[in-house]
Amino acid sequence: MQAVWAIVLISMRNAVRSKIVLVLLFFLLLTLIGLPLTVRGDGTLSGHVQLLLRYTLGLALLILSLATVWASCAAVSSDIRDRQIQLVISKPVRAVQVWLGQWLGVSLLNGGLWVLCILVTYGALRWTTRPAMLSAEDQETLATEILVAQRRVTPRARDLQAEVAREYQAARARGEWPPETPTSQIWPVIERHVSARANAVAPGGQNRWVFQLPRRVPPDRSLILRYRFAVSVLDMGAIGGIWRAGPPNDPRRFRESVRVAPLAWHSIAIPPEWVAADSTLTVEFANVHERPLMVLFDPDNDLRLMVYEGGFLANLMRAGLSLLFHLAFLSAIGITAGTFFSIPVAALTSFYLLLLLNAGRFVRRLATREVSLADTTDAGMLEQVVAAVTQGIYRILDIVIRPVYAENPLDFIAVGEWIGWGEVGYQFVVKIGLYGTILLGLGVWHLARKEVALPA
C-alpha cells in the first residue's frame, strides 16, 4: 500500500498543476459565489432554495465532472507520453497499484472539493433563509415542506385493463386502425386515453384517489399533498375546486377550498389523523369552477403525497455521497481511457461516454419504440431493416447504460424529497463495485501489456 499512496500523492499534485483543471476550478469557485448573488429565482421561497440546490450545486457538479474527466485522462496518459511512468514500472510496482493510486488520487481530490461545494452552498442556504429574512408563514413552509426529507407516495393504480380491452375491440370493429397495425402500437394509445378519462374531473363532478402510505406515519407531521392539473379550455386563470381527505362517508373529514392556476405546482397540508387504520388516505377533488371545463390529472406525475421521513441535512449528505460515487465512476472511466489513448482522444472518448450516460432516458425511449415490418416493398423493407438494426444497437446501449443511469439527486432534495440509503448503496455497488471493477480490469490489462519502458 505504500506504493499506492505514493502514486496517490503524485496524482493529486499533477492534477493541481494542470492548467485546464485550475481554470475549471476557478469557474467552480465563481459558480459557488457568483451564481447565488447574481441570478434571481422566481421570487418565491421554493424558487430560491431550488436555485441554490439544483442550479448552483448542479453547475458546480458539471464543472467538477469536466475537471474530473480531464484530470483522470491525463493521470496515466501524460505519464506515458512524458515517459515518467518508466520510473514507476521499472520498480517493483504492479499495474494494478498504478491504476488504483491514480484513481484514489483523483477521487480524494474530488471528494474534498465536492464536500467544500456542499458546505458552502448549505451555509449560503441557511444564511439567506435565516428567521430575520422570512415571514412567519415562510418559516413554517421552509420547516415543513422544503428543508425536510419526505417520501413521495403516488395514488394506487386503477385496474383499467377491462375497459381498455373493450375500447380496443370497438376501435378494431370501427376500422380506426389499419388491419396490419400491431396490437403493441394500438394498446398503449388506448390505455393512455382511458387513463386520462378515468382521472379527469367533469364540470360539477368529483374524482377520488387512494394513497397507500408507509406503515409509520409521524403523528405530529402533516401530510403534504402536491398537485398540478391541466384544463380542457384555454383558460389560464385560477380554477376553483375543493379538496377533501379522509373516509368518504365521514361528514367531518378534511376539506379545503382552493382557487389556483393550472399547470403549476400547489400544495395543501392534510392532518395525519385522517389516515385510515389500514394506512390508506382517500383524497377527492371536486370541480366547482363557475365555467364548465374539465380538470385533467395525470396520477403518475400530477398527484403526490409527501410523508415526512427525516431531516434535510442528512438527506443532503446522502445526495452528496451518491454524486461523489458518480464522480469516482467518471474518474475510473478517464483513467482507463488514459491507458488506451493519448490525452485528447481519451478525453473525447470519456466526454462521449459522459454524454451517453446523461442521455439514458432518451436511449431507453429509442430502444423500446415499436418497429413495424408491415411494408413489403423493397424500399420499405430496407428502411425497416435498418430501423430494426438501429433499435437493436440502442437496446444493447440501454442494457449497458440502465444500471448506471439515475435521476439527479439534486432534483429531489431541492423539493424536499427523501433519498434513502438503499439508493446510495445501489450507486456504490453498481458504479464502484461492478463497473469500477470492470474498468479496473480493462485498465490494468492494457497497462500491463503496454510497452511503456521501451526507448524512444
Hey, could you grab the Kirkwood Rh for the range 153-310? Inverse mean 1/r over distinct alpha carbon pairs, Å, one decimal.
17.3
Quick calc, the chain, dipole around Cα centre from Cβ unit charges on Lys, Arg (+) and Asp, Glu (-), nearest 20 debye, gives 1140
Could you please report the charge total around Leu53, scoring K, R as +1 and D, E as -1 over all other residues with beta-carbon less than 13 angstrom from its beta-carbon?
0
P(r) histogram, all alpha-carbon pairs of the range 115-165 included - 10 Å bins from 0, percent:
19, 29, 20, 12, 12, 7
Projecting the Cα atoms of Leu108, Tyr168, Val210 onto the charge dipole of the range 102-224, where Lys and Arg contribute +1 and Asp and Glu -1 at Cβ, the residue farthest towards the positive end is Val210
Expected 222 nm ellipticity per residue - DSSP helices of 4 or more, -39500 (n - 2.57), all of the chain, to 500:
-17500 deg cm²/dmol
Based on the Cα gyration tensor of the range 275-427, what are the three equivalent ellipsoid semi-axes, each the root of five times an eigenvalue, rounded to whole Å and given largest first?
38, 31, 13
What GluC sites (Glu not before Pro) in the range 384-443 are in a loop by DSSP, with at most 15 other Cβ atoms within 10 Å of the Cβ?
Glu407
Based on the alpha-carbon gyration tensor of the chain and its eigenvalue square roots a ≥ b ≥ c, which shape applies: rounded if a/c is under 1.5, prolate if not and a/b is larger than b/c, or oblate?
oblate
Can you give me the angle between helix 95-128 and the longest principal axis of the chain, using Cα atoms only, in degrees from 0 to 90, rounded to the nearest 10?
40
For the range 153-310, what is the charge dipole size about the Cα centre, in debye to the nearest 20, if Lys and Arg each add +1 at the Cβ and Asp and Glu each add -1 at the Cβ?
260
If unit charges are put on Cβ atoms (+1 for Lys and Arg, -1 for Asp and Glu) and the dipole of the chain is taken about its Cα centre, the option from Pro219, Ala67, Val385 lying farthest towards the positive end turns out to be Ala67
Order 128-134, 67-73 from most to least packed using the mean count of other Cβ atoms within 10 Å.
67-73, 128-134
If you fit an axis through the alpha-carbon atoms of helix 435-449 and take the longest principal axis of the Cα set of the chain, what angle between them do you get, 0 to 90°, nearest 10?
20
Hey, what did the chain get for relative contact order, percent, Cα under 8 Å, at least 6 apart?
23
Between helix 343-358 and the chain: long-axis angle, C-alpha atoms, 0 to 90°, nearest 10
20
Distance from the range 127-193 to the range 266-334 (C-alpha centre basis), Å
12
Unit charges at the beta carbon, dipole of the range 153-310: most positive-side option, Thr280, Asn249, Ala196
Asn249
Under a Cβ-Cβ cut-off of 11 Å, what is the net charge of the residues other than Tyr405 that fall near it, where Lys and Arg count +1 and Asp and Glu count -1?
+2
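Every read-out reported here was derived from the displayed coordinates using simple, explicitly stated rules and does not represent laboratory data. Please read all numbers here as calculations on a predicted model, not as lab measurements. Quick reminder, even Gly has a Cβ in these numbers, built from the backbone with ideal geometry, and neighbours come from all protein chains shown.
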